[in-house]
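Asks: The following block contains the structure, expressed as structure tokens.
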Amino acid sequence: MSWIVLLIAGLFEMAWAVGLKYTEGFSRFWPSLATLVAMAISVALLGVAMKQLPVGTAYAVWTGIGAVGTVVLGIILFGEPANAGRLACLALIIAGIAGLKLVSPT
């Protein structure tokens, strides 16, 4: 269950990272509010997941999910480049997340 909570926390991290783009420096009210709510939910769920998971593993997986998802959404939503180097780096992050999950005691 902790891994599912951590996955959801990572999805909310993606949401707030992308949301930052739409806040335009926190000058737009509704995008700013949604981003702040997503931040709070993300961190709260990370804390819940850390009750059962090792802190280093949970934090690394949370940031990895957020990083990979944010890059993918940047490619899809903002037309950011999807060159071989960027995709290879994403693959390395995904391999690291999978590796941490496989060797984690929980």
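Asks: What residue among 15, 58, 95 has the largest mean-square fluctuation in a Gaussian network model of the chain, using Cα springs under 10 Å?
Replies: 95
Asks: Averaging sequence separations of C-alpha pairs under 8 Å and six or more residues apart, then dividing by the length of the chain, give the relative contact order as a whole percent.
Replies: 33
Asks: For the chain, which whole percent of the accessible surface, found with a 1.4 angstrom probe, sits on carbon and sulfur atoms?
Replies: Using a 1.4 Å probe with all protein chains present, the chain comes out at 76 percent carbon and sulfur.
Asks: Whole number in Å², please: accessible area per residue of the chain, 1.4 Å probe, ligands, DNA and RNA not counted.
Replies: That works out to 58 Å² for each residue.
Asks: What net charge is computed for the residues neighbouring residue 19, neighbours being all others with C-beta under 14 Å from the C-beta of residue 19, Lys and Arg scored +1, Asp and Glu -1?
Replies: Residues near residue 19 contribute 0 overall.
Asks: What nm value, rounded to one decimal, do you get for the distance between residue 26 and residue 43 when each label is placed 7 Å out toward the C-beta?
Replies: It is 1.2 nm.
Asks: Okay, moving on. Placing +1 at every Lys and Arg Cβ and -1 at every Asp and Glu Cβ, with all other atoms neutral, what dipole size does the chain have around its Cα centre, in debye to the nearest 20?
Replies: 100
Asks: Here is a further query. How charged is the neighbourhood of residue 59? Take every other residue with its Cβ under 14 Å from the Cβ of residue 59, and add Lys/Arg as +1 and Asp/Glu as -1.
Replies: With Lys, Arg at +1 and Asp, Glu at -1, the neighbours total +1.
The values are calculated or read from the model by the stated rules, or taken from the named source; none is laboratory data. Remember, it's a predicted structure, so these values are computed and weren't measured experimentally. Heads up, the Cβs are rebuilt from the backbone with ideal geometry, glycines too, and the neighbour counts pull from every protein chain shown. Ligands, DNA and RNA are stripped out before the accessible areas are found, and what is left, the full protein with its side chains, is counted by its heavy atoms. Shrake-Rupley method; radii C 1.70, N 1.55, O 1.52, S 1.80 Å.
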